[in-house]
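The values are calculated or read from the model by the stated rules, or taken from the named source; none is laboratory data. A quick note: this is a predicted structure, and the numbers were derived from the prediction, not measured. Heads up, the Cβs are rebuilt from the backbone with ideal geometry, glycines too, and the neighbour counts pull from every protein chain shown.
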Amino acid sequence: MGAIGDECEGWPTLQVSVDGAVVGRTTITDHAAYGAYPVGTAVTRGTHAVTIAFMNDHSTSTCDRNVYLASARMEDDGTPPPVGAGVTGVPAGTALTTHQGDLVITTAGTVVDGLDVHGFVYVRAADVTIRRTRIRGTARTMCTGKSLVVATGTAQHGLVVEDSTLAPDVPSSLVNAVMGHDYTFRRVDASGVADTAGINGDNVTIDGSWLHGNVHVAVDACQSGTPTHDDGIQIHGGTNLTVRNSTLEGAYNVGILVAQNAGPTSKVTIENNRLSGGGCMVNLAEKGRGPITGVLIKGNVFGTTRIAKCAVISPVTTVPTLVGNTYTDGTPVTVRKG
């Protein structure tokens, strides 16, 4: 709060309440400068009712205690919101209708709501919405990189998957959660797969989602007997790609891999996430296609990685912009070159 006060046998005191509960008091001790008086405690994000009360009004025949409140604001401490169980995936209590076998969507504008899909989902039309749906896939024995949601076709754009759970009944290194382009994830819980999100084109947003529990096998037949190359997000190429307000954890290989396997990559924003896992969390790999441009990594909190303090690794010719990123211990994040 910004305030000044008149002293009269003591300075004025303000009390702050949030949603009817007292969170603190502060005494105003200057009559000329509107200083900053912090008071209160952390509250959840959202809308709150705030009350500021003058607690000790007082006057005599020679003085009058007053307070003058110029400003009050609630500040965001910059910590990304926790995203995990309970706030992602199919909402608790949702009644689902079982769909046996693969679901192939070929009609533009289709809305899928409240299904339990015992198979894979193929999106072959524009502006499809999948919400409050559980997608399980089926058992796999072949190394074909199968995804629970396949959104790779030329007719597909504008796919939205929200409040949904993508996880095989039996976690498998032979299955990924999604592969495609032009899609948006909102509040998606994806787990039990090798790569949780694959991107092979433009216009992808992952927002408020929980990508976790990657399957890692030390001797993987699909990798010629070497360990599984499980990643949180694998970007093969594209532009206008955003990961925000999400939690990524549990990948062994890389948390977010920008590997220009399919083509150049640009305009990648990684913002306000909680990120941990992988050898390094964010790996920018040019793959002989030149620098990756327009990479913004902002306001993230990084946890542990197999290589100590390796939040971001990049070749010298790719220069990402880093703003306000920290490790969980509060130390700032810098780019490791390599």
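With respect to the numbered conditions (1) over 19 Å from the mean Cα position of the chain (by Cα); (2) at pLDDT 95 or above, which one is the sole condition not fulfilled by residue 263?
(2)
Of all strands (runs of 3 or more DSSP E) completely enclosed by segment 32-123, which ones contain at least 2 residues that are among the hydroxyl-bearing types (Ser, Thr, Tyr)? Give the derivation first.
Values: elements: 50-54, 64-71, 97-100, 103-105, 111-113, 115-118, 121-123.
Because the criterion is at least 2 residues that are among the hydroxyl-bearing types (Ser, Thr, Tyr), the strands (runs of 3 or more DSSP E) in segment 32-123 that meet it are 64-71, 97-100.
Report yes if some residue within segment 279-293 is farther than 17 Å from residue 238 by Cα and surrounded by 17 or more Cβ atoms within 10 Å (Cβ to Cβ); otherwise report no. Lay out the reasoning, then the answer.
First, the residues of segment 279-293 that are farther than 17 Å from residue 238 by Cα: 279-281.
From what's left, surrounded by 17 or more Cβ atoms within 10 Å (Cβ to Cβ): 280-281.
Taking every residue of segment 279-293 in turn, at least one turns out to be farther than 17 Å from residue 238 by Cα and surrounded by 17 or more Cβ atoms within 10 Å (Cβ to Cβ).
In segment 200-210, what residues are within 15 Å of residue 244 (Cα to Cα) and either assigned to a loop (DSSP other than H, G, I, E, B) or in contact (Cβ under 8 Å) with a residue 40 or more places away in the chain (or both)? Can you show your working first?
Taking segment 200-210 as the starting set, the residues that turn out to be within 15 Å of residue 244 (Cα to Cα) are 203-210.
Within segment 200-210, 203, 206, 208, 209, 210 qualify.
Output yes when any residue across segment 21-36 is of a type in the set (Asp, Glu), at negative phi and not assigned by TED's automatic domain parsing to the domain that holds residue 112, and no when none is.
Looking for residues that are of a type in the set (Asp, Glu), at negative phi and not assigned by TED's automatic domain parsing to the domain that holds residue 112, one finds at least one in segment 21-36, hence yes.
Let's see how each residue does on (1) closer than 19 Å to residue 259 by Cβ; (2) surrounded by 21 or more Cβ atoms within 10 Å (Cβ to Cβ):
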residue	(1), (2)
174	no, yes
180	yes, yes
188	no, yes
195	yes, yes
200	yes, no
204	yes, yes
207	no, no
211	yes, yes
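Can you name the strands (runs of 3 or more DSSP E) wholly within segment 216-298 that have at least 2 residues being touching a Gly at 6+ places or on another chain (Cβ under 6 Å)? Write out each step before concluding.
Working: elements: 231-235, 238-244, 254-259, 265-271, 280-285, 293-298.
In segment 216-298, 231-235, 254-259, 265-271 are the strands (runs of 3 or more DSSP E) which contain 2 or more residues that are touching a Gly at 6+ places or on another chain (Cβ under 6 Å).
From the list 286, 271, which residue is of a type in the set (Asp, Glu) and either modelled with pLDDT under 95 or over 19 Å from the mean Cα position of the chain (by Cα) (or both)? Break it down stepwise before answering.
On the way: 271 fails: either modelled with pLDDT under 95 or over 19 Å from the mean Cα position of the chain (by Cα) (or both).
One residue alone meets the criteria, 286.
Restricting to segment 325-338, name every residue that is under 15 Å from residue 299 (Cβ atoms) and surrounded by 14 or more Cβ atoms within 10 Å (Cβ to Cβ).
Of everything in segment 325-338, those that are under 15 Å from residue 299 (Cβ atoms) and surrounded by 14 or more Cβ atoms within 10 Å (Cβ to Cβ) turn out to be 325, 326, 327, 333.
Pairs only if they're at least six apart or on different chains, beta carbon under 6 angstrom, first in segment 260-276 and in contact (Cβ under 8 Å) with a residue 24 or more places away in the chain and more than 15 Å from residue 236 (Cβ to Cβ), second among the basic types (Lys, Arg) and surrounded by fewer than 21 Cβ atoms within 10 Å (Cβ to Cβ); list them, first residue then second.
Matching pairs, first to second residue: 271/244; 271/298; 272/244.
Of (1) assigned to a loop (DSSP other than H, G, I, E, B); (2) touching a strand residue (DSSP E or B) at 6+ places or on another chain (Cβ under 6 Å), residue 157 satisfies all except one. Which?
Here residue 157 clears every test but (2).
Out of the residues in segment 160-182 meeting the condition of being within 17 Å of residue 231 (Cβ to Cβ) and part of a strand (DSSP E or B), tell me which one is farthest from the chain's Cα centre (by Cα).
Residue satisfying both the conditions and the ranking: 175.
Hey, does segment 5-15 have a residue that's among the β-branched types (Val, Ile, Thr) and touching a residue at least 60 places away in the same chain (Cβ under 8 Å)? Step through it out loud before you land on a result.
Residues of segment 5-15 among the β-branched types (Val, Ile, Thr): 13.
Adding the requirement that they be touching a residue at least 60 places away in the same chain (Cβ under 8 Å) leaves none.
No, segment 5-15 contains no residue that is among the β-branched types (Val, Ile, Thr) and touching a residue at least 60 places away in the same chain (Cβ under 8 Å).
So which residues in segment 299-329 are in a strand (DSSP E or B) and among the hydroxyl-bearing types (Ser, Thr, Tyr), if there are any at all?
Taking segment 299-329 first, the residues in a strand (DSSP E or B) are 301-302, 312-314, 321-323, 326-327.
The answer is 314, 321, 326, 327.
List the number of the failed condition for residue 140; all other conditions in (1) touching a His at 6+ places or on another chain (Cβ under 7 Å); (2) on the phi < 0 side of the Ramachandran plot; (3) not hydrophobic (A, V, I, L, M, F, W, C) hold.
Failed condition: (1).
Of the residues 316, 243, 312, 301, which is assigned by TED's automatic domain parsing to the domain that holds residue 206, in contact (Cβ under 8 Å) with a residue 12 or more places away in the chain, crowded, with 19+ Cβ neighbours inside 10 Å and more than 14 Å from the chain's Cα centre (by Cα)? Even if it seems obvious, please write down each step before you answer.
Working: 316 fails: crowded, with 19+ Cβ neighbours inside 10 Å; 243 fails: more than 14 Å from the chain's Cα centre (by Cα); 301 fails: more than 14 Å from the chain's Cα centre (by Cα).
Only one candidate passes the filter, namely 312.
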